[in-house]
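To keep things clear, I will list the structure first and then write my remarks on it.
The values are calculated or read from the model by the stated rules, or taken from the named source; none is laboratory data. Not measured: the values here are computed from a predicted model. As a convention, Cβ positions derive from the backbone with ideal geometry for all residues, glycine included, and neighbour counts pool all protein chains shown.
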Amino acid sequence: MKKWLLAALILLSGCASPEKGTSKSTASQNPTADASTETEVIAENLQVPWDITKLDDTFFISQRGGNIVHVLPNGKKELMELKLSQPVLHEGEGGLLGFELDPGFSQNHLAYVYHTYHDGERILNRIIQIQKQENLWKETKVLLAGIPGGFIHNGGRLAIGPDSKLYVTAGDAGMKQSAQNIQTLSGKILRLNLDGSVPEDNPFEDSYVFSYGHRNPQGIAWSENRTMYAAEHGQSAHDEINIITPGKNYGWPVIEGGEKKAGMETPMIHSGNETWAPSGMAYHDGKLFIATLRGEKLLALNLENKEMTVFFDQGGRLRDVYVDNDSLYVVTNNTDGRGTPAENDDRLLYLSLLKNGDI
């Protein structure tokens, strides 16, 4: 791996800078970047990378077109084929999205993916179990199929929570009202057992639905006290960071941002008139690190004082963030059709969490 000056990573954006928000309920108080962040390029020339997973000193990264990249410690990339019963549909915001290794991966070589597919004329999403077999991944079990999908708002993040359950973000697929219907799976955060069954302690009987009233959530994370957070795209700015409680209604499309209505949750913070387009999210030491696409920044939210700062803003569109001890990793998404790719985009970047000797 070779070190790069931060200036060498500056990428042009194809999106205009939105107006800054002024609402006191937002976290968009003109945060500034910390230019002292140590940065390193680990891998280049990725193709719309979506989800970072790390195993020891190597990475597995899902790419929206339908394959997984294995990044070795020396930066060498191995493209891994997926053998699936339903081909990945890479269309609009759909494709191969969330990817998560099983807790017993070192023994069973299992993982979980979320991907878009065609069923006749319908666009849907499904969650499957796959197994690594030498240099390819093979589908071994369908955990949940038929999640409504579309050209937009597929959600797609997977994460195994501190309770060893599989959590899934499902967008509203462009069908706003479905987010309020707990009989449908769109516009929801879902919770599954790792075998695909419904956990007995889910908030709605015989239902995968964990929370509802979501527009397009793409980031989830937990603090050490098991508080769950989710990052969600707003309709026009008003992007949200929510504290997720089982069975609660997060308002979309009835309310968003700082709006309030009885029986609906208002976000912990929102972006006001600024657009972040938050995607992947990770927790570390009292802070949430949020990868943003339109915002082209890695934001850091201090959960104690709700202060938002810019941790990194040199990579263009950022899709996912992963924290491992004092190391933080992000993937750029400048090749997703909405950015302006620079030479060797997209990239996997290392960012040090060590600042002046402290984390």
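Determine, yes or no, whether residue 47 is outside any strand (DSSP E or B), within 17 Å of the chain's Cα centre (by Cα) and either in contact (Cβ under 8 Å) with a residue 40 or more places away in the chain or closer than 19 Å to residue 122 by Cβ (or both). Yes; evaluated as a whole, the condition is true for this residue.
Among the residues of the range 8-19, are any of a type in the set (Ser, Thr, Tyr) and at pLDDT below 95? Yes, because at least one residue in the range 8-19 is of a type in the set (Ser, Thr, Tyr) and at pLDDT below 95.
Would you check if residue 269 is within 22 Å of residue 183 (Cα to Cα), modelled with pLDDT of 95 or more and among the aliphatic types (A, V, I, L, M)?
Numbers: within 22 Å of residue 183 (Cα to Cα): no; modelled with pLDDT of 95 or more: yes; among the aliphatic types (A, V, I, L, M): yes.
Criteria not met by residue 269.
Here residue 314 clears all of (1) more than 24 Å from residue 51 (Cα to Cα); (2) at pLDDT below 95; (3) crowded, with 18+ Cβ neighbours inside 10 Å except the condition numbered (1). Can you confirm whether residue 249 is touching a residue at least 12 places away in the same chain (Cβ under 8 Å) and over 18 Å from the mean Cα position of the chain (by Cα)? Considered against the rule, which asks whether it is touching a residue at least 12 places away in the same chain (Cβ under 8 Å) and over 18 Å from the mean Cα position of the chain (by Cα), residue 249 comes out as yes.
Filtering the range 324-359 to residues that are surrounded by fewer than 19 Cβ atoms within 10 Å (Cβ to Cβ) and of a type in the set (A, V, I, L, M, F, W, C) leaves 342, 354, 359.
Of 263, 272, 316, 339, all but one fail to be in contact (Cβ under 8 Å) with a residue 24 or more places away in the chain, more than 27 Å from residue 60 (Cα to Cα) and not aromatic (Phe, Trp, Tyr); the exception is 272.
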